[in-house]
Structures are given as structure tokens and as C-alpha cells.
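The structure appears right after this line, and notes come after that.
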Amino acid sequence: MYPCLVAEPDPDESPQLLTEEEIPDLERVGRVLRREAGHMFMREGEPSDFVLLIRKGLVKVVSGKPERIVAFRGPGAIVGELGVLQRKPRTASVVAFEDEVVALHVYDAEYRRFLDDHPRAKDALIIDLGNRLDEATKKIRDSDLAVERRLAKALAEQVALRPAIRNADGTATLRMPQKDLASLTGASVVAVKKAVKVFRDHGLIDSDGGTLHLRDIATLVDIAKGNPLTAG
């Protein structure tokens, strides 16, 4: 039997998911799995009927088509718990990433019973899920900022490459459909529309169908250099 591995505390000093006193109680109702890299422990869309406590190695959490890596989880992490608690299908797949992954397999009913009997572990789980939600929100926000920078860079490059679009008052008029802007930035049309709206709300541009009126080229250049928009 592998020694008990306890989740490392988060930088914000979140409580450990499981303590050394709690893990043996979970071990009594679970079974140990040893799987090689590439093994799919959980598949997106399948019923959520068990959780895994990772004991050794690393798993990757992937979602969508094409497949996108959502996160990596290592020793001490519990995966699959959200679907079990919500009694909903898996929202992501979990795949062994390293040569050997050792995990404790616990069925859904046993895991819920364990949480009922260990309120400290339940509280720690709630905090951990909240931290993961914050992390996901930050990633979305950072992704949006990346698209804004790429769009600003594309617009600034168009102004530099096409002097004819400049107006006498220092603005510029660019005729380009959003699908072409998306191609230039490497982002989706939806993401480009969101970035255009942000720029419009800040008075940097006006949009009229496939025409963009660039009102503040200097600020767009600053954003392209990595200086984010200030709130307001």
C-alpha cells in the first residue's frame, strides 16, 4: 500500500483536502488503481459514479473537441467530485499523464457518505471548488485580455501598413469584416466581437458593419505593447 499523501496547502493557506487521519477512512471504502500513461480514468459525458484520490503521478483534465487541457492534478488531489456531488454527467475527461498513476477509486455513494461523516473534509472541498472557480474565471479574463491585445496590434499594424486609411483629424477608417479580424488575431469571431465592444465602450473605436472608425490610435498602440485598458 502506498503511503498516505496529503494535498499540499494552497498559497492562500486553504485547508488540506484530506488529513492523515481522514485518508485511512476513505481507503477503507475504496480500491487502489494503477494505470499507465494514456489511460482514461473518466470520459466527458459519462455518468459521474466515482471519484479518484490521486496517490502517485499526474493526470490531465481535458475537455471539448478539439481537446483542450483544463488542468493537471497530482498527488493529494481529488478528481471527479463535482459531477458526483451534483449528480450530473462528467464535464471533462481525466487521463493518466505520467508513466504510472496510482489512484484510490471511491464510488459516489461511499464518497458522499464519507463527506457526511467528515465535515472538515467537506468544508475543505467547498473551499477548493471555490478556488478552482476563481482560477477558471481568471483564465477566461486573461484570455479576453490576450484577444484585446492581439486585436489592438492588428489594428495598429493596419494603420502603419495603409497610410491611406488615416484621416486628417488623426483618426483612421478601416474597412474589414470581423471574420478577417478574427483571422488576423488568431481568435474566434465571438472573441473579436467582445474585444471590439470593449474598445467601443472605452471610446477607442466606432463600428459600423464592416467598417471600423479608429478614434484613439495612440491608446490602441499602447494596448498592443501590453499596456491594459484602465477601468472606467
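Identify, from the list G64, G74, G45, the residue that is within 26 Å of E20 (Cβ to Cβ) and either small (G, A, S) or free of Cβ contacts under 8 Å to residues at least 12 places away in the same chain (or both).
Working: G64 fails: within 26 Å of E20 (Cβ to Cβ); G45 fails: within 26 Å of E20 (Cβ to Cβ).
So the residue among G64, G74, G45 that is within 26 Å of E20 (Cβ to Cβ) and either small (G, A, S) or free of Cβ contacts under 8 Å to residues at least 12 places away in the same chain (or both) is G74.
Looking only at the range 136-144, decide whether some residue is closer than 18 Å to V84 by Cα and exposed (fewer than 13 other Cβ atoms within 10 Å of the Cβ).
So the first thing to find is which residues in the range 136-144 are closer than 18 Å to V84 by Cα, and the list is none.
No, there is no match, as no residue in the range 136-144 is closer than 18 Å to V84 by Cα and exposed (fewer than 13 other Cβ atoms within 10 Å of the Cβ).
Which residues, taken from the range 210-232, are of a type in the set (S, T, Y) and in a strand (DSSP E or B)?
Listed by number, the list holds a single entry, T211.
Being modelled with pLDDT of 85 or more and not in a loop (DSSP other than H, G, I, E, B) is the filter here, so list the residues in the range 164-178 that pass it.
I165, R166, A172, T173, L174, R175
So if I check each of E148, E110, E98, which one is among the acidic types (D, E) and not in a helix (DSSP H, G or I)?
It is E98.
Of the conditions (1) within 27 Å of A71 (Cα to Cα); (2) among the hydrophobic types (A, V, I, L, M, F, W, C); (3) assigned to a helix (DSSP H, G or I), L184 clears all except one; give me its number.
The one condition L184 does not meet is (1).
Taking into account only those residues within the range 163-187 that are without any contact (Cβ under 8 Å) to a residue 24 or more places away in the chain and polar (S, T, N, Q), which is nearest to L151 (Cα to Cα)?
S183
Which residue, of K225, K197, K193, K179, is more than 22 Å from V70 (Cα to Cα), touching a strand residue (DSSP E or B) at 6+ places or on another chain (Cβ under 9 Å) and surrounded by fewer than 17 Cβ atoms within 10 Å (Cβ to Cβ)?
K197
So, in the range 73-93, how many residues would count as being in contact with a strand residue (DSSP E or B) (Cβ under 7 Å, 6 or more places away or on another chain), among the hydrophobic types (A, V, I, L, M, F, W, C) and not in a strand (DSSP E or B)?
Of the residues in the range 73-93, 3 are in contact with a strand residue (DSSP E or B) (Cβ under 7 Å, 6 or more places away or on another chain), among the hydrophobic types (A, V, I, L, M, F, W, C) and not in a strand (DSSP E or B).
Among the listed residues I69, I126, which satisfies the condition of being at pLDDT below 85 and either on the phi > 0 side of the Ramachandran plot or not assigned by TED's automatic domain parsing to the domain that holds L220 (or both)?
I69
Among (1) surrounded by fewer than 17 Cβ atoms within 10 Å (Cβ to Cβ); (2) assigned to a helix (DSSP H, G or I), there is one condition S207 misses while meeting the rest; what is its number?
Looking at each condition in turn, S207 falls short on (2).
Going by the structure shown, is L18 at pLDDT below 95 and part of a helix (DSSP H, G or I)?
So L18 does not fit the description; no.
Check V190, V159, V198 and return the single one that is without any contact (Cβ under 8 Å) to a residue 24 or more places away in the chain and out of contact with any Cys (no Cβ under 7 Å at 6 or more places or on another chain). I'd like the intermediate steps shown before the answer.
On the way: V159 fails: without any contact (Cβ under 8 Å) to a residue 24 or more places away in the chain; V198 fails: without any contact (Cβ under 8 Å) to a residue 24 or more places away in the chain.
When all the criteria are applied, what remains is V190.
Output the number of the condition that V62 fails; it satisfies all remaining conditions of (1) under 18 Å from D128 (Cβ atoms); (2) assigned to a strand (DSSP E or B); (3) not aromatic (F, W, Y).
(1)
The values are calculated or read from the model by the stated rules, or taken from the named source; none is laboratory data. All figures in this text were calculated on a predicted structure; none of them were measured in a lab. Using ideal geometry, Cβ is built from the backbone for each residue, glycine included, and neighbour counts are taken over all protein chains shown.
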